Amino acid sequence: MHLPQGMAYALLASVPPVFGLYTSFYPVLVYFIFGTSRHVSIGTFAVISIMIGSVSERLAPDDHFLTNGTNGSVVMDTEARDVQRVKVAAATTLLCGIFQVLLGLVRFGFVVTYLSEPLVRGYTTGAATHVIISQLKYMFGVSPRRFSGPLQLLYTLVELGRLLPQTHIPTLLISLVALTALIIVKEINSCYSHRLLLPVPIELIVIIAGTLVSHYADLRTVNGVDVVGEIPSGLVPPRVPEVGFFSSVVGDAFAVAVVGYAINISLGKTFALKHGYKVDSNQELVALGLSNTIGGFFQCYSVTSSMSRSLVQESTGGKTQAALSSIVFVNLKGMFMQCRDIPALWKSNRVDLLVWLVTFFCTVLLNLDLGLAASIIFTLLTVICRTQRPRYSLLGRVSDTELYLETESYKEAKTIPGITIFRSSAMIYYANAELYQEALLKKSGINVPKLLKLKKRKEEEEKAKKKQVKEQDKQTGVLRELANRMMVSMKNVSESVHSHGTDQECIINDSGIATVTHGNMNCSFQPEQDSEEENQDKTDTHSSSCDGVQEHTHSIILDLSPVSFMDTVTLKTLKNIFQDFAKVDVFVYIAGCQVCVVQQLERGGFFSESIAKSHLFPSIHDAVLHCLSRSERDQSRSEFTLEMPCVTRL
């Protein structure tokens, strides 16, 4: 399988087929020494080949090698073109290997985690589309113009459609025959794999048959069928690639390094999991990098593991371009079968479906390098968007347990009166810290700004009433003094009248009421009483109405178990939450913090006189017990407190 695929995929890399044979030999020996996977087959791969081909064609296009022939004709110096493209491919491969080795040495193997499975599958499917389009010219025997940059695939399709009337019939017939044979035998291999000792090597058979027919029928001379030509024998000595191309291919080399490693490690981990051994991701990165680095000196192009060859290797412990392009077509069947991911992702996860589709269309429309960059950026944006829109929920206790679950999802989870337990399903960091605070205010039902406004208004009204009472007391004192003076005067008058023998009498009782009797007439004087008690009753009534807005919540517990780190923005947000709720007499507690988060809180100066460490609890249940022990009023009204001792474990 290495031989026919190496020759076929060399066409994708835009280098002569013999360099595909070199690529199937030297890197394999290096990976044999340094690799950790026992089943992957390192060598040529369609996606990597087409990425190398795009670089080779961009830096060594056909237009640069056109010369004037006899009779005023224009001919192409294919030999000089191929030499230049081999130099470009070797330089790209060497730089790609250097990137991979350096990343492996600095333990940067986790970079592949940013390439999600939907992204990789969508990217490989889009790359397979590029491969198919690039091979159509060989199947139809036409020579379309070459395009580069975004939308080059669409331009190529339009050009192929324009050249369809010029289709070379013998070439098309050979391609269809080879395709039919490859498809039928591969389906037989797939259906009867459990009965066959070895899969039928149909690719090798097609190449041998095509070579024999081409030679004895003289297809090139008689029918004009394009052939590969002579393949040199032997191996080439190593030579240093031209480093002058590094500045032109640095971006492409890094993209090839990342994609090649992603494909290799995904296959390696799949087989390792199946057979019970471990694959070292960083060592795999170094092994793949050394394979490419050393391969670059032997004029190889970048390699990675092949899915089809690896499956054959795991299960088992011709030179015409038309035949080679047919091999490429059939071997890409597995990649196009990945389109079955679309209905599956529609049912399971539509965000991953969106990643798959965006990656596919970006790869098809923007070319392989730009498509990969756009796909990674879009995937990271979906992660950011999902962390900015997490699920905020209130938790309740399951009776007779220490479990606290979402009240909206679990009927057995009951809220504890007076206590609000709040949780976010995602990390809390600078991008969603403000949203976290807003969701807490909304879920708890405590309108802190409104309560602060009412509290301020209440204080102002109390000050005004005290001032009014003070003024009333002052007026009452003046009236009482006047009444006393009047009563003294009336008493003097009464004594004077009595001394003159009249029947007028003045009586002053203990309540301060003066009664004057003169004959049959009575006159009473009563000073104004103090209204302080009445005003106090009104104040008490207002206070109770203001407190009712708070809905009797006295404690809030923040479940921070999903949090793995604490940045400065989140720390300030938590401080604001503690301070705001403290102003309306609501205690806030933190539960479920990991040790690293507590250490970051300490280093950030979170704990102070106003926020003591006593507000920190290892579990929600401990925090709930502490809250209940603080509020005897809530204990008397809560059915949960009858079951739970108000003693924390710590």
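The values are calculated or read from the model by the stated rules, or taken from the named source; none is laboratory data. Only a predicted model underlies this, so the values are computations on that prediction, with no experimental measurement involved. Neighbour counts are summed over all protein chains in view; Cβ atoms, including those assigned to glycine, are modelled from backbone coordinates with ideal geometry. Just so you know, the surface numbers come from the protein's heavy atoms only, side chains and all, with ligands and any DNA or RNA stripped out. Shrake-Rupley method; radii C 1.70, N 1.55, O 1.52, S 1.80 Å.
When you check Val364 against the structure, is it at pLDDT below 90, touching a Lys or Arg at 6+ places or on another chain (Cβ under 7 Å), in a helix (DSSP H, G or I) and open to solvent by less than 40 Å² (accessible area, probe 1.4 Å), yes or no? Spell out how you get there, then give the answer.
Details: at pLDDT below 90: yes; touching a Lys or Arg at 6+ places or on another chain (Cβ under 7 Å): no; in a helix (DSSP H, G or I): yes; open to solvent by less than 40 Å² (accessible area, probe 1.4 Å): yes.
When the stated conditions are applied, Val364 does not pass them.
May I ask you to list the residues in the stretch 385-411 that are assigned to a helix (DSSP H, G or I) and surrounded by 12 or more Cβ atoms within 10 Å (Cβ to Cβ)? Give the steps one after another, and end with the answer.
Initial filter on the stretch 385-411 (assigned to a helix (DSSP H, G or I)): 385-388.
Residues satisfying the conditions are Arg386, Thr387, Gln388.
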### Query
Would you pick out the residues in the stretch 415-451 that are assigned to a helix (DSSP H, G or I), within 24 Å of Val624 (Cβ to Cβ), open to solvent by 10 Å² or more (accessible area, probe 1.4 Å) and among the hydrophobic types (A, V, I, L, M, F, W, C)?
Ala439, Leu441, Leu451
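If you check Thr382 against the conditions, is it within 30 Å of His130 (Cα to Cα) and open to solvent by less than 20 Å² (accessible area, probe 1.4 Å)?
Values: within 30 Å of His130 (Cα to Cα): yes; open to solvent by less than 20 Å² (accessible area, probe 1.4 Å): yes.
Against the criterion (within 30 Å of His130 (Cα to Cα) and open to solvent by less than 20 Å² (accessible area, probe 1.4 Å)), Thr382 qualifies.
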### Task
For the stretch 44-59, state whether one or more residues are under 24 Å from Lys278 (Cβ atoms) and under 32 Å from the mean Cα position of the chain (by Cα).
yes
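If we keep just the residues of the stretch 578-605 that are among the small types (Gly, Ala, Ser) and not in a helix (DSSP H, G or I), which is surrounded by the most Cβ atoms within 10 Å (Cβ to Cβ)?
Initially, the stretch 578-605 is screened for residues among the small types (Gly, Ala, Ser), giving 582, 591-592, 604-605.
Right, trim to not in a helix (DSSP H, G or I) and you get 591-592, 604-605.
On the way: Ala591: 24, Gly592: 21, Gly604: 16, Gly605: 10.
Checked the stretch 578-605; the qualifying residue surrounded by the most Cβ atoms within 10 Å (Cβ to Cβ) is Ala591.
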### Task
Quick one: Arg195 ticks every box in (1) more than 20 Å from Phe25 (Cβ to Cβ); (2) over 42 Å from the mean Cα position of the chain (by Cα); (3) open to solvent by less than 90 Å² (accessible area, probe 1.4 Å) except a single one, so which number is it?
(3)
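Just checking, which of Leu172, Leu160, Leu176 is part of a helix (DSSP H, G or I) and open to solvent by less than 30 Å² (accessible area, probe 1.4 Å)? Walk me through it before giving the result.
On the way: Leu172 fails: open to solvent by less than 30 Å² (accessible area, probe 1.4 Å); Leu176 fails: open to solvent by less than 30 Å² (accessible area, probe 1.4 Å).
Result of the check over Leu172, Leu160, Leu176: Leu160.
Tell me, please, whether a residue that is part of a helix (DSSP H, G or I) and closer than 30 Å to Ala181 by Cα can be found in the stretch 257-264. Break it down stepwise before answering.
Our first condition is that a residue be part of a helix (DSSP H, G or I); within the stretch 257-264, this holds for 257-264.
Restricting the remaining residues to those that are closer than 30 Å to Ala181 by Cα gives 263-264.
Yes, there is a match, as at least one residue in the stretch 257-264 is part of a helix (DSSP H, G or I) and closer than 30 Å to Ala181 by Cα.
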#### Entry: Filtered residue count, the stretch 90-145, keeping only those that are assigned to a helix (DSSP H, G or I), closer than 30 Å to Val227 by Cβ and among the basic types (Lys, Arg)
1
### Task
Could you check, for the stretch 46-69, whether at least one of its residues is among the aliphatic types (A, V, I, L, M) and assigned to a strand (DSSP E or B)?
yes
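Quick one: is Cys646 out of contact with any Gly (no Cβ under 9 Å at 6 or more places or on another chain) and at pLDDT below 80?
Working: out of contact with any Gly (no Cβ under 9 Å at 6 or more places or on another chain): yes; at pLDDT below 80: yes.
When the stated conditions are applied, Cys646 passes them.
What residue, of Val330, Val286, is among the β-branched types (Val, Ile, Thr) and either surrounded by fewer than 19 Cβ atoms within 10 Å (Cβ to Cβ) or modelled with pLDDT of 80 or more (or both)?
On the way: Val330 fails: either surrounded by fewer than 19 Cβ atoms within 10 Å (Cβ to Cβ) or modelled with pLDDT of 80 or more (or both).
Being among the β-branched types (Val, Ile, Thr) and either surrounded by fewer than 19 Cβ atoms within 10 Å (Cβ to Cβ) or modelled with pLDDT of 80 or more (or both) holds for just one of Val330, Val286, which is Val286.
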### Residues of the stretch 96-120 satisfying the condition of being buried (at least 22 other Cβ atoms within 10 Å of the Cβ) and more than 19 Å from Phe254 (Cα to Cα)
Pro118
### Query
Limited to the stretch 606-632, what total is found for residues that are more than 18 Å from Val586 (Cα to Cα) and open to solvent by 40 Å² or more (accessible area, probe 1.4 Å)?
1
### Query
Restricting the search to the stretch 17-38, which residues are open to solvent by 30 Å² or more (accessible area, probe 1.4 Å) and part of a loop (DSSP other than H, G, I, E, B)?
Phe25, Thr36, Arg38
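Does Lys411 satisfy being modelled with pLDDT under 80, over 20 Å from Gly592 (Cα atoms) and of a type outside the set (S, T, N, Q)?
Working: modelled with pLDDT under 80: no; over 20 Å from Gly592 (Cα atoms): yes; of a type outside the set (S, T, N, Q): yes.
In short, no.
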### Query
Which numbered condition trips up Val206, out of (1) among the β-branched types (Val, Ile, Thr); (2) over 42 Å from the mean Cα position of the chain (by Cα); (3) open to solvent by 40 Å² or more (accessible area, probe 1.4 Å)?
(3)
### Message
Which numbered condition in (1) buried (at least 18 other Cβ atoms within 10 Å of the Cβ); (2) in contact with a Leu (Cβ under 6 Å, 6 or more places away or on another chain) is the only one that Tyr123 fails?
### Response
(2)
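How many residues, within the stretch 204-230, are in contact with a Ser or Thr (Cβ under 9 Å, 6 or more places away or on another chain) and either within 19 Å of Gln5 (Cβ to Cβ) or in a loop (DSSP other than H, G, I, E, B) (or both)? Show your work before the answer.
If we filter the stretch 204-230 for residues that are in contact with a Ser or Thr (Cβ under 9 Å, 6 or more places away or on another chain), which is where we start, we get 206-207, 210-211, 213-214, 219-220, 223-228.
The next check asks that each one be either within 19 Å of Gln5 (Cβ to Cβ) or in a loop (DSSP other than H, G, I, E, B) (or both); those that pass are 206-207, 210-211, 223-228.
Going through the stretch 204-230 one residue at a time, the tally reaches 10.
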## Note on the structure
Taking the stretch 241-267 and keeping residues touching a Leu at 6+ places or on another chain (Cβ under 9 Å) and open to solvent by 40 Å² or more (accessible area, probe 1.4 Å) leaves Val243, Phe246, Ser248, Val250, Phe254, Ser266
### Message
So Asp369 ticks every box in (1) surrounded by fewer than 15 Cβ atoms within 10 Å (Cβ to Cβ); (2) touching a helix residue (DSSP H, G or I) at 6+ places or on another chain (Cβ under 6 Å); (3) among the charged types (D, E, K, R); (4) not in a loop (DSSP other than H, G, I, E, B) but one. Which box is left unticked?
### Response
(1)
